[in-house]
Amino acid sequence: DSSKKSIIMKKYITIICCFLILFVSAQNENICLSGNCVNGTGELKFASGEVYTGNFKNGKPNGEGILKESHVDSIILLPNSMESKKATTSNIQKGRWKNGELNGEGYMLMKSQKFIERKEALPDSSNGLKYVWNIYSVENYVEINGHFSNGIVEGYAVTESYTTKQDDPKSKVGNRKYEGNFKNSDRNGKGKLYKWINGSYQLTNEGEFLNGKFIEPLK
């Protein structure tokens, strides 16, 4: 009896292991959600979680298309409200693709999120003040609009980094903006660098850049 039980147990373990192997392999595979994801137009979900919608050639993004990714970066427990918030990071890449990489004119948007809890004083009915905690979602953006080669910025492009409150474009606070030439995703060649000063972008450097650094003013 014990030998039979041992054989049965081994069979169960083998079956479970097979299911686990199939599950893990399925998690590591790309999934075509719709259309033709080999040679045609379709929607493909990569094993990494990114979703590409557009044209394909030989199973890779090729032609016009858009790639989107979003994931929870962290879960924050706000101390005063005891409320948990999910901070997300998301990326968008769109334009013309070749062999799975952006090639030609394209656009990238990278957004990260964090939460701030702030105590604010508000007037109440007794002509006094009441204090409430408000939660703000602050979103940091990096935008790139220009020319790409094999997924990196190469040639002329405009880049900008800025911050807004959630769903409030008017709350935009800029950081830096650059218009000019790139090589290997670094500022290289002629360009203009702007910084956010007193509520708007002001030109601070114009001329020659090398490896991301300003080296020579425009003559």
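The values are calculated or read from the model by the stated rules, or taken from the named source; none is laboratory data. The structure presented is a predicted model; accordingly, all values stated were derived computationally and were not measured. We place every Cβ from the backbone using ideal geometry, glycine too, and count neighbours over all the protein chains shown. With ligands, DNA and RNA removed, areas are computed over all heavy atoms of the protein, side chains included. Shrake-Rupley method; radii C 1.70, N 1.55, O 1.52, S 1.80 Å.
Okay, here's what the table says:
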| quantity | calculated |
| --- | --- |
| Where Asp73, Asp124 fall by accessible area, highest first, once all protein chains stay in place (1.4 Å) | Asp73, Asp124 |
| Accessible area per residue, Å², the stretch 30-119 with all protein chains present, probe 1.4 Å | 58 Å² |
| Sequence-distant residues sharing a close amide H with Phe182 (under 5 Å, placed H) | Gly155, Tyr156, Ala157, Asn188 |
| Accessible area of the stretch 128-219 divided out per residue, in Å², using a probe of 1.4 angstrom | 61 Å² |
| Whole-Hz couplings from phi, Karplus 6.51/-1.76/1.60, listed for the stretch 149-159; x for Gly and Pro | 9, 6, x, 10, 6, 8, x, 7, 7, 10, 10 |
| Flagged links, alpha-carbon separation over 32 Å, of Lys60/Lys195; Lys68/Lys195; Lys94/Lys213 | Lys60/Lys195 |
| Potential extension, Asn30-Lys170 segment - 0.36 nm per residue separation minus Cα distance | 46.5 nm |
| Area accessible to solvent at Ile76, 1.4 Å probe radius, in Å² | 50 Å² |
| Positive dipole terminus of the stretch 125-219, leading residue within Gly212, Gly180, Gly199 (C-beta point charges) | Gly199 |
| With all protein chains modelled, accessible area of Ser74 [1.4 Å, Å²] | 50 Å² |
| Using a Förster distance of 22 Å, the FRET efficiency for Lys119-Thr88 (Cβ separation, nearest 0.05) | 0.30 |
| Carbon plus sulfur fraction of accessible area for the stretch 111-219, probe 1.4 Å, in percent | 47 percent |
| Relative compactness, the stretch 38-98, computed as alpha-carbon Rg over 2.2 N^0.38 Å | 1.58 |
